[in-house]
1. Relative to the longest principal Cα axis of the chain, at what angle does helix 101-115 sit, 0 to 90 degrees, rounded to 10?
2. Relative to the first principal axis of the alpha-carbon coordinates of the chain, what is the inclination of helix 73-97, with its axis defined by its Cα atoms, in degrees from 0 to 90 and to the nearest 10?
3. Whole number in Å², please: accessible area per residue of segment 1-102, 1.4 Å probe, ligands, DNA and RNA not counted.
4. Of all the accessible heavy-atom surface of the chain, with the other protein chains kept in place and a 1.4 Å probe, what percent is carbon and sulfur?
5. Would you mind checking the pairs LYS79/LYS107; LYS24/LYS79; LYS93/LYS114; LYS79/LYS114; LYS12/LYS81; LYS12/LYS107 and listing those with alpha carbons more than 27 angstrom apart?
6. Please arrange LYS81, LYS107, LYS12 by accessible surface area, largest first, computed with a 1.4 Å probe and ligands excluded.
7. In degrees from 0 to 90, rounded to the nearest 10, what is the angle of the helix 130-147 Cα long axis to the longest principal axis of the chain?
Amino acid sequence: MSSAMRVGRPVKPLPQPHCEYCGKAAVLARVGDEAYPYRDDHGPLWICASCQAWIGTFPRSARHVPLGRLADATLRDLKAKLHAALEPLVQAKMRRDGCNVFEARAKGYRWLAKQIGLEPEKGSIHALDAEQCERAIAIVEQFERQRGRSSPSESAWDDR
Ligand SMILES: [Zn+2]
């Protein structure tokens with residue numbers, strides 16, 4: 001048996017996200033820092049100042065693991081649009097399946113990930129790039145149009 005096999009689990013290195021747009025290493029900023037884009041506290045953010053791109057970290061993540069890819073202004077707008085478009089379906093899902101809003105949203109993004117050909121585990125809004133966001137918005141809008149013709153109680157997506 002080689003000695004390497006007895007070595008314990010390696011310590012996970014701290015994450016170092018890179019900017020999706022220029023490839024530079026992102027910098028962790030906190031509220032009050034010069035680079036921090038908000039006046040109020042949105043938690044620590046990984047920022048690329050030159051691209052004005054950033055992403056938040058998982059709440060209570062001591063390692064400041066980023067939620068997903070860095071997003072520039074265009075991608076932030078698309079994510080807000082996708083979030084707003086999905087909300088009526090999330091509400092319908094809650095009514096129909098009796099789940100809470102967090103479950104319904106998580107399921108919604110897993111469903112969308114599948115629809116656009118991503119791994120369902122990557123089903124987080126923060127994993128999407130601009131093109132994937134646009135495809136997801138189109139899918140939600142198409143679903144909404146068909147929804148108008150069916151009974152409202154049946155109008156959530158199916159997870160299978
Ligand atoms: Zn950049």
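The values are calculated or read from the model by the stated rules, or taken from the named source; none is laboratory data. Here the structure is a predicted model, which means the values were calculated and not measured. When the accessible area is computed, the model is the full protein with side chains, heavy atoms only, and any ligands, DNA or RNA have been set aside. Shrake-Rupley method; radii C 1.70, N 1.55, O 1.52, S 1.80 Å.
1. 90 degrees
2. For helix 73-97, the angle is close to 50 degrees.
3. Working: 6640 Å² over 102 residues.
Here the per-residue accessible area is 65 Å².
4. On the way: 5420 of 10070 Å².
Summing carbon and sulfur atoms, their accessible area is 54 percent of the total for the chain.
5. Working: LYS79/LYS107 16 Å; LYS24/LYS79 23 Å; LYS93/LYS114 17 Å; LYS79/LYS114 17 Å; LYS12/LYS81 35 Å; LYS12/LYS107 29 Å.
Violating the 27 Å limit, Cα to Cα: LYS12/LYS81; LYS12/LYS107.
6. Values: LYS81 115, LYS107 50, LYS12 135 Å².
Order by accessible area, largest first: LYS12, LYS81, LYS107.
7. 20 degrees
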